[in-house]
Amino acid sequence: SQTIHQWPATLVQPVGSPLSLECTVEGTSNPNLYWYRQAAGRGLQLLFYSVGIGQISSEVPQNLSASRPQDRQFILSSKKLLLSDSGFYLCASTPRRLAGVPNEQFFGPGTRLTVL
Amino acid sequence: EDQVTQSPEALRLQEGESSSLNCSYTVSGLRGLFWYRQDPGKGPEFLFTLYSAGEEKEKERLKATLTKKESFLHITAPKPEDSATYLCAVKTSYDKVIFGPGTSLSVIP
């Protein structure tokens, strides 16, 4: 089974500061990777997904960006944080198994970001 | 517009009191429906995948069912440790995953 690591677990940053959240995956190769944001009491909002190294698709235009420098590494970044960037950020992975079969996503422990 | 809704928003049960959570969806083609459990401050934990209407999956006190318009998560004789937020998600025919807002379940001893 796969394991997803995220760090840091919590982060408090001032408005206008940069951001870098990291996600690494163990136990699978060539996964699809995802960044989600979860606001309090709300569902998960997909931010970015990647089907391979250097391949990033953005779902929501905003001041965040993502990169995938290695097969099992996914990074979420921002040059200048906004108050509205506060939330719970989750990295998820879908293993490549049977072609054409919708596979479940496995989630990391999340990063709680507070922008002040 | 593709949409996933869940009801109720919150549910409070006595230990041993069975009930069901609902996930309704309106999407352009269903490729799969997923149920997750999420504890406070943690990432969602995968429970079930359902692929077609009529399918059922069970795990301990949980049973998930699927129709063409909705899915139910039945909880039989719940225990306090079943308290969590339960999320459903739908994968559409064009490979988009849409999450519902979740149902917060509290089981009181």
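The values are calculated or read from the model by the stated rules, or taken from the named source; none is laboratory data. Owing to the predicted nature of the structure, the values given are computational and were not obtained by experimental measurement. Using ideal geometry, Cβ is built from the backbone for each residue, glycine included, and neighbour counts are taken over all protein chains shown.
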>> Checking the structure you have, find out if any residue of the range B:82-105 is exposed (fewer than 12 other Cβ atoms within 10 Å of the Cβ) and either farther than 30 Å from A:PHE48 by Cβ or at pLDDT 95 or above (or both).
In response: no
> Taking the condition surrounded by 13 or more Cβ atoms within 10 Å (Cβ to Cβ) and free of Cβ contacts under 8 Å to residues at least 24 places away in the same chain, does A:ASN63 pass?
Replying inline: yes
>> Can you pull out every residue in the range A:1-43 that is β-branched (Val, Ile, Thr) and either within 11 Å of chain B (Cβ to nearest Cβ) or farther than 18 Å from A:ARG96 by Cα (or both)?
In response: A:ILE4, A:THR10, A:VAL12, A:VAL15
> Between residues in the range A:94-116 that are more than 11 Å from every other protein chain (Cβ to nearest Cβ) and on the phi > 0 side of the Ramachandran plot and residues that are surrounded by 12 or more Cβ atoms within 10 Å (Cβ to Cβ) and at pLDDT 90 or above, which pairs lie under 8 Å by C-beta distance while being six or more apart or on different chains?
Replying inline: none
> If a residue has to be within 13 Å of B:TYR86 (Cβ to Cβ), within 11 Å of chain A (Cβ to nearest Cβ) and part of a strand (DSSP E or B) to count, how many in the range B:5-23 make the cut?
Replying inline: 2
> Among A:LEU19, A:LEU46, which is the only one that is within 19 Å of A:PRO109 (Cα to Cα) and touching a Phe, Trp or Tyr at 6+ places or on another chain (Cβ under 7 Å)?
Replying inline: A:LEU46
> Quick one: B:TYR25 ticks every box in (1) surrounded by fewer than 19 Cβ atoms within 10 Å (Cβ to Cβ); (2) within 15 Å of the chain's Cα centre (by Cα); (3) within 30 Å of A:CYS23 (Cβ to Cβ) bar one, so which box is it?
Replying inline: (1)
> What about A:SER57, is it surrounded by fewer than 16 Cβ atoms within 10 Å (Cβ to Cβ) and within 14 Å of chain B (Cβ to nearest Cβ)?
Replying inline: yes
> Being within 10 Å of another protein chain (Cβ to nearest Cβ) and in contact with a Pro (Cβ under 9 Å, 6 or more places away or on another chain), is that true of even one residue in the range B:67-87?
Replying inline: yes
> Got a sec? Which strands (runs of 3 or more DSSP E) wholly within the range B:24-92 have at least 2 residues that are free of Cβ contacts under 8 Å to residues at least 24 places away in the same chain and within 26 Å of A:SER93 (Cβ to Cβ)?
Replying inline: B:45-50, B:56-59
> For B:PRO101, which of the numbered conditions (1) part of a strand (DSSP E or B); (2) within 15 Å of the chain's Cα centre (by Cα) fails to hold?
Replying inline: (1)
